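The values are calculated or read from the model by the stated rules, or taken from the named source; none is laboratory data. Just so it is clear, the model here is predicted, and its values are computed rather than measured. Cβ coordinates were reconstructed from backbone atoms using ideal geometry, including for glycine residues, and neighbour counts include every protein chain displayed.
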Amino acid sequence: MRRRLFLAFFILSVVFVLPALADNCEGDTAGLCAGLSPDTIASYPEPLVEPLATNDTAVTDRIYQRVLNPIDIYDAPNGNVVSQLAAGFNFVTTHGVQDNWTLINDQQWVLTEHLRQALPSRFAGVLITEDMEYPVAWILVNVVPSRTPGAEPTEGDLAVLRYTLVNLYSFVEIDGWRWYQIGVDQWVHQTLVAKILPVERSAEIDTHKWVSVDLYEQVAIAYEDNTPVFATLISSGLSDWPTNEGLFHVYVRYPRTVMSGADGQPDFYYLEEVPWTMYFDHDIGLHGTYWHDGFGYRHSHGCVNLSITDAQWLYNWAADEIDLTVPEDTGAAVYVYSSGQYR
């Protein structure tokens, strides 16, 4: 495996300068809790990024099925048992049906009653084609913004939906938490957004194309030299299976691969045909994910989960950084870090 380099201070977050903040909104004589004016917001009503179109072909080219129970696998409908799949977080891809039987692999059949079809996420990230005037973020849950920082939402106001892209025009800090202005008289708590925060390139990053993974914001950004070109939400490792911080390189890639782990344990998992996988830290990789739509929150056994559309985009974009025919060739650098601390 490749040597892992830790960066203690070489890479610093790019700082967007937002208007001055207030400690709270009581006695706000300076008007900070009013945020930016409607006229200022009207100059930049939408984030200066280009949403990536969902790749419908990649999302729908397989039928993914959740295995609901421990199952026997047969060599034919009503045939002989050839193997078993233990209870766990298990998914298979299916290739045909016959009566109440489903074909999952060559000469491998299971009873259809043990399967439930998964619907992969249609979420996709954004292309960064120009400088962002304000920090850009995704809304993480359906939320009705408050009209002033720290206030309860007003009944009858419209909700902003999960995965909506917003500008963060200003912020106010109340009781140690930031409230961000996302529109005229629209404020949301910091835990409800995931921000795109580009980082400066370190001299230790030795590839033209590289990826930063911010475990705090749950956002990955792709760069060409010093320029961010793409950003998206991810799901990294849960606290019991953390994604390691450090500087790595992609060392092997698979358009489809099987992932399995925790044999004989309660958290056993078996995942067929995981798409667009790029391993960078032993068995931890960037890969497409068809079994959840929880991007923006930690969810994995250590890998960096992406939507299928985003994983394919990154896989194709990074292809020219590694030549698998050359021994010890270095693939795209992957810098994993945390821009903040969970609390």
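Within region 254-264, is there a residue that is outside any strand (DSSP E or B), crowded, with 16+ Cβ neighbours inside 10 Å and in the same structural domain as Met278 (by TED's automatic domain parsing)?
no
The listed residues are Thr277, Thr243, Thr325, and the only one of them that is polar (S, T, N, Q) and under 27 Å from Gln117 (Cα atoms) turns out to be Thr277. Contact annotation: residue pairs with Cβ atoms under 6 Å, 6 or more positions apart or on different chains, pairing a residue in region 107-118 that is modelled with pLDDT of 95 or more with a partner that is of a type in the set (Phe, Trp, Tyr) and surrounded by 17 or more Cβ atoms within 10 Å (Cβ to Cβ), are Trp109/Tyr74; Trp109/Trp101; Ala118/Tyr64; Ala118/Tyr290; Ala118/Trp291. The requirement of being exposed (fewer than 12 other Cβ atoms within 10 Å of the Cβ) and either closer than 20 Å to Leu306 by Cβ or not assigned by TED's automatic domain parsing to the domain that holds Phe230 (or both) is satisfied by Asn78. Filter region 183-201 down to the residues that are assigned to a strand (DSSP E or B) and either acidic (Asp, Glu) or touching a Ser or Thr at 6+ places or on another chain (Cβ under 9 Å) (or both) and list them by number. Those that are assigned to a strand (DSSP E or B) and either acidic (Asp, Glu) or touching a Ser or Thr at 6+ places or on another chain (Cβ under 9 Å) (or both): Gln186, Trp187, Val188, His189, Lys195, Val199. When we screen Asp175, Asp206, Asp185, Asp157 for residues that are surrounded by 14 or more Cβ atoms within 10 Å (Cβ to Cβ) and either more than 19 Å from Tyr297 (Cα to Cα) or polar (S, T, N, Q) (or both), the only hit is Asp185. Of the residues that make up region 321-342, is at least one modelled with pLDDT of 95 or more, part of a loop (DSSP other than H, G, I, E, B), assigned by TED's automatic domain parsing to the domain that holds Val219 and of a type in the set (A, V, I, L, M, F, W, C)? Yes, region 321-342 contains at least one residue that is modelled with pLDDT of 95 or more, part of a loop (DSSP other than H, G, I, E, B), assigned by TED's automatic domain parsing to the domain that holds Val219 and of a type in the set (A, V, I, L, M, F, W, C).
To keep it simple, each residue is scored yes or no on (1) buried (at least 17 other Cβ atoms within 10 Å of the Cβ); (2) within 29 Å of the chain's Cα centre (by Cα); (3) at pLDDT below 55; (4) not assigned by TED's automatic domain parsing to the domain that holds Tyr270.
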position: Arg2; (1), (2), (3), (4): no, yes, yes, yes
position: Leu5; (1), (2), (3), (4): no, yes, yes, yes
position: Val17; (1), (2), (3), (4): no, yes, yes, yes
position: Ala20; (1), (2), (3), (4): no, no, yes, yes
position: Asp28; (1), (2), (3), (4): no, no, no, yes
position: Pro38; (1), (2), (3), (4): no, no, no, yes
position: Pro51; (1), (2), (3), (4): no, yes, no, yes
position: Thr60; (1), (2), (3), (4): no, yes, no, yes
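Among the residues of region 62-81, those that are of a type outside the set (D, E, K, R) and within 26 Å of the chain's Cα centre (by Cα) comprise Ile63, Tyr64, Gln65, Val67, Leu68.
Screening region 41-143 for strands (runs of 3 or more DSSP E) wholly inside it with 3 or more residues that are closer than 23 Å to Trp291 by Cβ returns the ranges 63-67, 71-74, 81-85, 89-94, 101-105, 108-111, 115-117. The listed residues are Leu247, Leu271, Leu286, and the only one of them that is of a type outside the set (Ser, Thr, Tyr), farther than 26 Å from Tyr337 by Cβ and crowded, with 18+ Cβ neighbours inside 10 Å turns out to be Leu271. Only one entry of Ala86, Ala76 meets the criterion of being touching an Asp or Glu at 6+ places or on another chain (Cβ under 9 Å) and either at positive phi or not acidic (Asp, Glu) (or both), and that entry is Ala86. Being of a type in the set (Gly, Ala, Ser), on the phi < 0 side of the Ramachandran plot and in contact with a helix residue (DSSP H, G or I) (Cβ under 8 Å, 6 or more places away or on another chain) holds for only one residue in Ala203, Ala222, Ala231, and it is Ala222.
Considering Glu204, Glu155, Glu173, the condition of being part of a loop (DSSP other than H, G, I, E, B), over 30 Å from Trp317 (Cβ atoms) and out of contact with any Cys (no Cβ under 9 Å at 6 or more places or on another chain) is satisfied by Glu155 alone.
State all residues of region 120-167 that are in contact with a Lys or Arg (Cβ under 7 Å, 6 or more places away or on another chain) and touching a residue at least 12 places away in the same chain (Cβ under 8 Å); if no residue qualifies, say none. Listed by number, the residues that qualify are Pro135, Ala137, Ile139, Leu140, Val141, Asn142.
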